[in-house]
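First comes the structure, then the notes that go with it.
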Amino acid sequence: MPILGNVNMVSPPVTGPGSVGGVAVPVIRDVDGRRLDFAGLDGQVIEAWPSTRSVVIKSGITGLNVPPRRIATDEYPGLDGARIRAGGVSTGARTVGLPMFFQGTDDQPGSLDEVMARFKALLDYRRTDYAAAEGTFDLVATGADGVSTRRLRCLYTDGLEGNLGLQADEGTWWLTAGVNATAVNPYWRGEEWTTPVVALPQPRPFLRVSSAPSGYLALSTSTAIGADMPVTVGGDVDSPAIIDLTGPAASTVVTSPAGLSITLGSLAASDVMSIDTGSAATGRLVTVTLNGDVDAGWAKVGVNPRWLPLPPGDTTISVVLTDATSATRARVHGYCLHETAFW
């Protein structure tokens, strides 16, 4: 649903897109490609009949840019003001305000009933693991290039009570609302950074001992090494790493000069592990998922791990897997995080 641009009231009233039966409604004028869309947790962007402009976000959007700061201070008798505690500044949850207009016509597919049913589904927390997902829908900001996107996970709070109206001569219903949502993770998730997949090299003949094909010998190893793999982390904010592993492996070591240092115990051939070093799911800062069970793999995490996120810029990551086979795989990746939707 395209919703960003110069959004104005049409005056005098006109017919066609941008009006409802001659009644002035918000219209969109394309400026430079920037736009906002809604997306469900399945990642699919929802297009809500853009040709009829059934859903529009009007001017006056709030909360898209730098999120609020939390500041912990101490006050002392006899001293003016206060003192900021060491490490006492952090970023809080953000609130987004969306002035919205919905319309529908009974003789068109984009009737208000259908429009509202699709939109309300994004806000439904009852059939969603909203705690693990940190919300029920994404705001998707597309940049001026018309291609790059950033996503902000949100949870609806209020405002869709709305004001309902009817253009009786054409049977057209419309609704205006000021939708408010909270993003407990205040950062916009941008493009992914990733290492290559670490695996054993494919065997290749390197030594010929006879003229027969079976005379080729191949170097074999049980250690898969990805040494000093370069990655570039974009954005404004340190990016937590996600480590994906497929067994078997007797041990796995992941390190980075940026501060990541993790040793993991053995994985069976059927094991699939994912470590999110910055997830807020289940109230922990780190989640270790083994074969689909969240936190089932903590026993495989070695002592004194360092989960530090990777700062923006260029760095390297190393991965070493011992007693690996052709099925063993490892990848370290994450997302570039931004404080603002477009800048």
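The values are calculated or read from the model by the stated rules, or taken from the named source; none is laboratory data. The model shown is predicted, which means the values in this text are computed figures rather than measured ones. Cβ coordinates were reconstructed from backbone atoms using ideal geometry, including for glycine residues, and neighbour counts include every protein chain displayed. To get the accessible areas, we keep the full protein, side chains included, count just its heavy atoms, and leave off ligands, DNA and RNA. Shrake-Rupley method; radii C 1.70, N 1.55, O 1.52, S 1.80 Å.
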Self-check item: Glu134 vs. criteria of a type in the set (Asp, Glu) and in contact with a helix residue (DSSP H, G or I) (Cβ under 8 Å, 6 or more places away or on another chain)
Solution: yes
Quiz item: Yes or no: Gly178 part of a strand (DSSP E or B), open to solvent by less than 30 Å² (accessible area, probe 1.4 Å) and more than 17 Å from Glu339 (Cα to Cα)?
Solution: no
Quiz item: So, in the range 209-232, of the ones that are surrounded by 11 or more Cβ atoms within 10 Å (Cβ to Cβ) and over 22 Å from Arg329 (Cα atoms), which residue ends up modelled with the lowest pLDDT?
Solution: Tyr216
Quiz item: Any chance the range 92-113 includes a residue that's assigned to a helix (DSSP H, G or I), closer than 22 Å to Thr182 by Cα and touching a strand residue (DSSP E or B) at 6+ places or on another chain (Cβ under 6 Å)?
Solution: no
Quiz prompt | The one condition in (1) over 24 Å from Arg189 (Cβ atoms); (2) at pLDDT 70 or above that Gln108 fails to fulfil | solution = (2)
Quiz item: Quick one: how many residues across the range 244-273 are more than 18 Å from Ala227 (Cα to Cα) and assigned to a strand (DSSP E or B)?
Solution: 4
Practice problem: Please specify each residue of the range 163-182 satisfying the condition of being of a type outside the set (Ser, Thr, Tyr) and closer than 28 Å to Gly92 by Cα. | Solution: Ala177, Gly178, Val179, Asn180, Ala181
Quiz item: Condition test on Ala327, is it surrounded by fewer than 14 Cβ atoms within 10 Å (Cβ to Cβ) and farther than 17 Å from Leu200 by Cβ?
Solution: no
Exercise. Identify all residues within the range 54-81 that are open to solvent by 70 Å² or more (accessible area, probe 1.4 Å), without any contact (Cβ under 8 Å) to a residue 24 or more places away in the chain and either among the β-branched types (Val, Ile, Thr) or at negative phi (or both); write none if there are none.
Key: Arg69, Arg70, Ile71, Glu75, Tyr76, Pro77, Leu79, Asp80
Quiz item: In the list Ala121, Ala141, Ala93, Ala131, which residue meets the criterion of being under 23 Å from the mean Cα position of the chain (by Cα), farther than 22 Å from Leu36 by Cα and surrounded by 13 or more Cβ atoms within 10 Å (Cβ to Cβ)?
Solution: Ala131
Practice problem: Among the residues of the range 304-343, count how many are farther than 24 Å from Arg153 by Cα and assigned to a strand (DSSP E or B). | Solution: 14
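Within the bounds of the range 48-67, is there any residue that is in a strand (DSSP E or B) and either modelled with pLDDT of 85 or more or among the charged types (D, E, K, R) (or both)?
The answer is yes, given that some residue of the range 48-67 is in a strand (DSSP E or B) and either modelled with pLDDT of 85 or more or among the charged types (D, E, K, R) (or both).
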Practice problem: Go through the range 258-301 and count every residue that is among the small types (Gly, Ala, Ser), farther than 24 Å from Asp238 by Cα and surrounded by 13 or more Cβ atoms within 10 Å (Cβ to Cβ). | Solution: 4
Quiz item: So which residues in the range 144-175 are in a loop (DSSP other than H, G, I, E, B), touching a residue at least 60 places away in the same chain (Cβ under 8 Å) and open to solvent by 70 Å² or more (accessible area, probe 1.4 Å)?
Solution: Asp145
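Are any residues in the range 330-343 open to solvent by 40 Å² or more (accessible area, probe 1.4 Å) and hydroxyl-bearing (Ser, Thr, Tyr), and if so, which ones?
Listed by number, the list holds a single entry, Tyr335.
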